[in-house]
Amino acid sequence: MDRGLALMARVAPKAKKATPDASTPDKKVLAAHEIVMSPLVQNAVGIHAWSKFAGDADLSELVKDLDKRIEKVQAGDMRSVEAMLYGQAMTLQTIFTSLARKATSQEYLKQFQAYLGMALKAQAQCRATLEALAEIKNPRPVAFLKQANISGGHQQVNNGLRQPVQQTGSAHGGEEIKSLPAPGLETKLETADEVGSAAR
């Protein structure tokens, strides 16, 4: 993940001149497409764009901090993820309450429906966020089952209306072959001997 810091050398905010080539600790120069395709840089730039309420955050410091947090999650420490999801659920709950209160003060049906609809969407998102949090805290057990097909004899699969030929006796040179009639038709039972005598 140290690669992300090197990538940021080319993502300087408000740069008016060409930025210098970024390089990794092993002095490899990174191309522009490598910067664009980096999930770390993409997320840092997105966070930077939407975090103006906190002032003008330094983008390289943002990448460095995000890099450390990602490494913790990859190592199995999910505390930051749990805190994030719970915080989002509480924010959605606040949005739901605020919009529901605004809906009650509306005079016209259209505005009432708009506010209440948005409130219920926030409530549904809050529930989904809490479900995701519960899934992380208590993952469902996964069972791997093997399917066994057990049959006492020959298996037969009927597809369509035609009736297949049913064979009784030995699989190699049976004593008797029966043709099962289609519904509504009459056929007579032919044995192997009868077929042989008719051929003579």
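Tell me which helices (runs of 4 or more DSSP H) are completely within the stretch 48-139 and hold 3 or more residues being in contact (Cβ under 8 Å) with a residue 12 or more places away in the chain and assigned by TED's automatic domain parsing to the domain that holds ILE35, or say none if there are none. Steps first, answer last, please.
Numbers: elements: 59-74, 79-104, 109-137.
Result: 59-74.
Out of THR129, THR97, which single residue is β-branched (Val, Ile, Thr), touching a Phe, Trp or Tyr at 6+ places or on another chain (Cβ under 9 Å) and over 30 Å from ILE35 (Cα atoms)? Can you show your working first?
Working: THR97 fails: touching a Phe, Trp or Tyr at 6+ places or on another chain (Cβ under 9 Å).
THR129 is the lone residue from the list that is β-branched (Val, Ile, Thr), touching a Phe, Trp or Tyr at 6+ places or on another chain (Cβ under 9 Å) and over 30 Å from ILE35 (Cα atoms).
Read through the list (1) under 27 Å from the mean Cα position of the chain (by Cα); (2) modelled with pLDDT under 95; (3) surrounded by 11 or more Cβ atoms within 10 Å (Cβ to Cβ), then give the number of the only condition that GLY46 fails.
It fails just one condition, (3).
Give just the number: which of (1) within 23 Å of GLU135 (Cα to Cα); (2) among the aliphatic types (A, V, I, L, M); (3) within 24 Å of the chain's Cα centre (by Cα) does MET90 not satisfy?
(3)
If we keep just the residues of the stretch 49-105 that are under 28 Å from LEU116 (Cα atoms) and of a type in the set (Lys, Arg), which is surrounded by the most Cβ atoms within 10 Å (Cβ to Cβ)?
Applying the filter and picking the extreme gives LYS102.
The values are calculated or read from the model by the stated rules, or taken from the named source; none is laboratory data. Please read these numbers as outputs of a predicted model, since none were measured by experiment. As a convention, Cβ positions derive from the backbone with ideal geometry for all residues, glycine included, and neighbour counts pool all protein chains shown.
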